[in-house]
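Worksheet: one structure, shown below.
The values are calculated or read from the model by the stated rules, or taken from the named source; none is laboratory data. This structure is a prediction, so every number in the text was calculated from the model and none was measured. Reconstructed Cβ throughout: ideal geometry from the backbone, glycine too, with neighbour counts over all protein chains shown. The area values use the complete protein model at the heavy-atom level, side chains included, leaving out ligands, DNA and RNA. Shrake-Rupley method; radii C 1.70, N 1.55, O 1.52, S 1.80 Å.
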Amino acid sequence: MSSRKGRKDAARVVREQIARERRRKRTLWISVGAVLVLVIAGLIGWSVWSSQQSDEFTAPPGANDAGTGIVVGSGPVTVDIYEDYICPACKQFEQTSGATIDQLVADGKVRVVYHPVAYLDRYSSTDYSTRASAASGCAAEGGKFTEFSAALFERQPPEGGAGLSNDELIDIGAEVGLDRDAFASCVRDGKYLPWTEHVTDEANRAGVSGTPTILVDGEPVREWTPENITAAVEAAGR
């Protein structure tokens, strides 16, 4: 009897071990399946978010096909100008070489693409670089991009402060001939904030690491004096 009972007890122990092992494996597979579902859901979510980040922007009238800048002029040589409205060196560039760029446009020699990037938000307490760039998109919508940009550099705020307020940007827009109500609505609604993000992201991807950056037919002009820019344009046009 004891031998038979012992065999039954041993069999029961084996059955219980088998049952526990099955439950452990079942729990493991359920856990693995749950993790896979979360991973797949995460990948799908990231893909959707990434797509939205890269695609959901409205480029202002006058932008190039890639939506990375505002085009001025239609000459055979392309000049890309990457500027940040709070960048002191960009203001210096405009003061020293802005008239040369304007003359090259007027002479039909160049097609200028202005890329108003927002690299220097950390130098203001109100993300001025981003707000000013987005406002330039509103100015482009009203047909006054170059006038508005020139006025922003003339009244460039110092780094480390708040920058110009939206009301001040709107006043400047009205002064250069933009319809105040339409421009104010565009600025306050942040219509071109996603565009500014796109311009800045694409500049980063293109390897533009600072402002101002001047390219003539894709080649950088290391010292952006009027003479160097003119020489680079003439060389590219041969």
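Descriptive notes on the structure:
- Note on residue 159 and residue 74: their simple-model spin labels are 3.9 nm apart, each label 7 Å out from Cα toward Cβ.
- Solvent-accessible heavy-atom area per residue, rounded to whole Å², over segment 101-201 at 1.4 Å: 42 Å²
- Projection of the Cα convex hull of segment 168-238, averaged over all directions and equal to a quarter of that hull's surface, yields 7.0 nm².
- Comparing Cα centroids, segment 108-139 and segment 159-192 end up 13 angstrom apart.
- Computed E for residue 89/residue 182 - FRET, C-beta separation, R0 35 angstrom, nearest 0.05: 0.60
- Take the Cα of residue 168, go 7 Å toward its beta carbon, and the backbone nitrogen atoms of segment 103-124 under 15 Å from that spot belong to 123-124.
- Here, segment 101-238 has an Rg and a Dmax of 15.9, 47 Å when only alpha carbons are counted.
- Net length gained if the chain between residue 126 and residue 235 were fully extended (0.36 nm per residue, minus Cα distance): 35.0 nm
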